[in-house]
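The structure under discussion appears below in the form of structure tokens.
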Amino acid sequence: MKVVGTYLTAQLATAQMKKQKSKGGSIVLIASITSYTVLPHHRMSAYGATKGAVKVLSESLAVELAPHQIRTNSISPGFIDTEMTQQVRKQNPEMDLIMVKTPPLQRIGTCDDLVGAIIYLLSDASSYTTGTDIAITGGLHVGRIGT
């Protein structure tokens, strides 16, 4: 399951941060819009369950690692133009229209759309932020235009 690899990676990162005896650190996990809502035309229950688990894992680690000054947060992307979504759209062309028209911002996101939130969460600008999830969805998590 995807969440086991995420958990083990977070453990390794935590061990390294503790070993460095620095002022703590920051971990950012990648969850998904599917941790907020079921999307129309998707048959991805196992994916949604694991991404929901990643979101809760981030929250749990935020509490567990706080005494070590290690912050843990997550981001939950919506439809992002990646190899995975390109394959989905290639196999099912109607998904291309859904991924572009369903978010209120009327476009599919790019990896560049995620960068700002990740930089914030990894920087000292978020020194009092832990256990938070940032939904980067073009508004998909709060309202859908077409279904």
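The values are calculated or read from the model by the stated rules, or taken from the named source; none is laboratory data. If you're wondering where the values come from, they're calculated on a predicted model, not measured in any experiment. Here Cβ is always computed from backbone atoms with ideal geometry, including for glycine, and neighbour counts include all displayed protein chains.
Data overview
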quantity	calculated
Where a residue in segment 1-27 is assigned to a loop (DSSP other than H, G, I, E, B) and its partner, wherever it lies, is of a type in the set (A, V, I, L, M, F, W, C) and at pLDDT 95 or above, with Cβ under 6 Å and at least six apart	G24/I70
Spans of helices (runs of 4 or more DSSP H) in segment 41-120 with at least 2 residues under 17 Å from the mean Cα position of the chain (by Cα) and either over 17 Å from D133 (Cα atoms) or of a type in the set (A, V, I, L, M, F, W, C) (or both)	45-65, 83-91
Hey, G116 modelled with pLDDT of 90 or more, surrounded by 13 or more Cβ atoms within 10 Å (Cβ to Cβ) and not hydrophobic (A, V, I, L, M, F, W, C) or not	no
Tally of residues being under 20 Å from K51 (Cα atoms) and free of Cβ contacts under 8 Å to residues at least 60 places away in the same chain across segment 96-121	10
First in segment 122-146 and closer than 17 Å to V38 by Cβ and of a type in the set (G, A, S), second anywhere and in a helix (DSSP H, G or I) and modelled with pLDDT under 95, Cβ under 7 Å, 6 or more apart	A135/I33; G146/K101
Residue within segment 33-40 that is surrounded by 13 or more Cβ atoms within 10 Å (Cβ to Cβ), part of a helix (DSSP H, G or I) and out of contact with any helix residue (DSSP H, G or I) (no Cβ under 7 Å at 6 or more places or on another chain) present	yes
